[in-house]
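Written below as structure tokens is the structure these notes are about.
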Amino acid sequence: REAEAWKTRFEEARCRDGHRVEVAANLGNTTHAADAVERGAEAVGLLRTEFLFMAHAQEPDLDTQIAEYREALDALKGRPLVARTLDVGGDKPLPYWPVPKEDNPFLGLRGIRLTLTRPEVLETQLRALLLAAAPDAEGTPRPLRIMLPMVKDVGEFRAARAVFDRLVDEIPPTERATDVQLGVMIEVPSAALLAPTLAPEVDFFSIGTNDLTQYTLAIDRDHPVLSAQADGLHPAVLRLIEMTVAAAHAHGKWVGVCGELASDALAVPVLVGLGVDELSVSARQVPLVKARLREFGLNEARAQAELALGQATSEAVRDALEAR
Ligand code: PEP
Ligand code: MG
């Protein structure tokens, strides 16, 4: 199976009936972008920019950030790059950013909450991304999608959007990204519940099923005993995904999934059946997920999504899907 998947990795990912789903790669480092392309990735669906901030003894300056983002964009040769703004804090502190000790770091100052307390850091990162993605010497755009982590409602999105809009106005169009979108991660249950109020304002959603599952089920994703129960195929999580996709599509916006669930063989048809447009997985999994998509059609995917949504526990979902 793996050998067959490898041979067809550069072909578009389409279901049996031709339904198109984009398969992208999650990256923890810009130097891995070329490898992702070699494995058949059609985009980078999640660049975790934390690496850049953790690799330095102080905040990386504008030019350092531009050089890093440009490296990934150039390796992608016109394929989109979805870069997530800094998602640290909580359990991932930065040595040069003292954060008061918290009893519940996963419920504390992390992601967009933290960067909004340091608007100058967010501004430098957004500026670096916009400048790095300026069209190349021939005028060919470098497609850039920027996404904000841990957004809980439209208030946080608007605060970040204001910084973004100001930069877009300020930087001459020839010097910055021309093909650019600003979206949010859906990984806090409130954002999924409020997706109808976010959808008109964002350009896209990317569902982070790792955190969405952790916060929906109230199970620490790294818990030594309980983490196996933090299953993204839980019907409560699937309902939140369903609501998110419905809201996005009602406003003509696309939805990706960039959590671990996107590479789970049982979950792939369920996510497609729920209407997800893009799956972003570790680079190693790209050929396998593309091959998995070719095994079923959209009608079968919809039937599997219905079946899963009708179950009461994640165990029941897995049993029902396996039996089918
Ligand atoms: C997620 O939460 O699903 C996600 C993709 O982000 P991270 O794993 O980096 O928190
Ligand atoms: Mg997350």
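We did not get these values from a lab; they are worked out from the coordinates using the rules stated. No experiment lies behind these values; they were computed from the predicted model shown. Using ideal geometry, Cβ is built from the backbone for each residue, glycine included, and neighbour counts are taken over all protein chains shown.
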Using the alpha-carbon atoms, what tilt in degrees (0 to 90, nearest 10) does helix 119-132 show relative to the longest principal axis of the chain?
80
Residue-wise, which Karplus ³J(HN,Hα) couplings in Hz belong to the range 303-319, taking 6.51 cos²θ - 1.76 cosθ + 1.60, θ = phi - 60°, and x for glycine or proline?
5, 5, 5, 4, 4, 5, 4, x, 8, 9, 9, 5, 4, 5, 4, 5, 4
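Within the set of other residues whose C-beta is less than 9 Å from the C-beta of E22, count the net charge using Lys and Arg as +1 and Asp and Glu as -1. Please list the in-between numbers first.
On the way: positive: R20; negative: E12, E42, D277, E278.
Net charge around E22: -3.
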Got a sec? Charge dipole of the chain, +1 on Cβ for Lys and Arg, -1 for Asp and Glu; which of I207, N104, G90 is way out at the positive end?
I207
proj_area_mean for the chain (convex hull on C-alpha atoms), units nm², value 16.5
Give me a comma-separated list of calculated 3J(HN,Hα) values for the range 85-95, in order, Karplus coefficients 6.51, -1.76, 1.60 applied at θ = phi - 60°, integers in Hz, x for any Gly or Pro.
5, 2, 10, 10, x, x, 7, 10, x, 9, x
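Mind running the shape call on the range 218-324? Use the C-alpha gyration tensor, a ≥ b ≥ c as the square roots of the eigenvalues: rounded below 1.5 for a/c, prolate if a/b tops b/c, oblate otherwise. Can you show the working numbers first?
Values: a/c = 1.27, a/b = 1.22, b/c = 1.04.
Rounded, because the longest to shortest axis ratio a/c is under 1.5.
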The long-range amide H neighbours of S206, using H built 1.01 Å from N in the peptide plane and a cut-off of under 5 Å, are V184, M185, I186, G256
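Expressed as a fraction of 2.2 N^0.38 Å, the rule-of-thumb size for a compact globular protein of N residues, what is the C-alpha radius of gyration of the range 163-205?
Numbers: Rg = 13.4 Å, N = 43, 2.2 N^0.38 = 9.2 Å.
Cα Rg divided by the expected 2.2 N^0.38 Å: 1.46.
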Pair E120, A3: separation of 7 Å Cα→Cβ label points (nm):
5.9
So the angle from the long Cα axis of helix 154-170 to the longest Cα principal axis of the chain, reported in degrees to the nearest 10, equals 50
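In deg cm²/dmol, rounded to 500, what helix-only [θ] at 222 nm does the chain give when every DSSP H run of at least 4 residues adds -39500 (n - 2.57) and the total is split over its residues? Intermediate values should be presented prior to the final figure.
Working: 15 runs with 141 residues, N = 324.
After summing the helix terms and dividing by the residues of the chain, the value is -12500 deg cm²/dmol.
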In order over the range 240-255: 3J(HN,Hα) from phi, Karplus 6.51/-1.76/1.60, θ = phi - 60°, whole Hz, x for each Gly or Pro, gives 5, 5, 4, 5, 5, 5, 4, 5, 4, 5, 4, 10, x, 9, 8, 10
So how far, in whole Å, is the C-alpha centre of the range 170-193 from the one of the range 48-96?
16
Provide, in order from the shortest bin, the percent of all Cα-Cα pairs of the range 141-214 in each 5 Å bin, continuing until the bin that contains the maximum pair distance.
3, 16, 26, 21, 15, 10, 6, 2, 0
Return the ratio Rg/(2.2 N^0.38 Å) for the range 276-320, where Rg is computed over Cα atoms only.
1.35
Quick one: net charge around R324, please, counting Lys, Arg +1 and Asp, Glu -1 for every other residue with C-beta under 12 Å from its C-beta.
-3
Yeah, the range 1-66 with a ≥ b ≥ c from its alpha-carbon gyration tensor (a/c under 1.5 is rounded, else prolate when a/b outruns b/c, oblate otherwise) is prolate
Taking amide hydrogens as modeled 1.01 Å from N in the peptide plane, which residues meet the under 5 Å criterion relative to L266, leaving out close sequence neighbours?
none
Amide hydrogen neighbours beyond the local backbone of G89, cut-off 5 Å, H modeled
L94
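Where in the range 55-160 are there GluC sites (Glu not before Pro) that are in a DSSP coil and have at most 15 other Cβ atoms within 10 angstrom of their Cβ? Let's see the in-between values first.
Values: sites: E68, E71, E102, E120, E123, E138, E156; in loops: E102, E138.
Counting only loop positions with at most 15 other Cβ atoms within 10 Å, the GluC sites (Glu not before Pro) in the range 55-160 are E102, E138.
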Could you sort out which of K77/K290; K7/K253; K152/K290; K92/K152; K92/K253; K101/K253 sit more than 29 Å apart by Cα distance in this structure?
K7/K253; K152/K290; K92/K253; K101/K253
Spread of Cα-to-Cα distances over 10 Å intervals beginning at zero, given as percent, for the range 92-226
11, 36, 33, 16, 4, 0
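Trypsin sites (Lys or Arg not before Pro), restricted to the range 93-150: which are DSSP loop and have at most 11 other Cβ atoms within 10 Å? Write down the numbers at each step before the final one.
Details: sites: K101, R110, R113, R127, R145; in loops: K101.
In loop regions of the range 93-150 (DSSP not H, G, I, E or B), the sparsely surrounded trypsin sites (Lys or Arg not before Pro) are K101.
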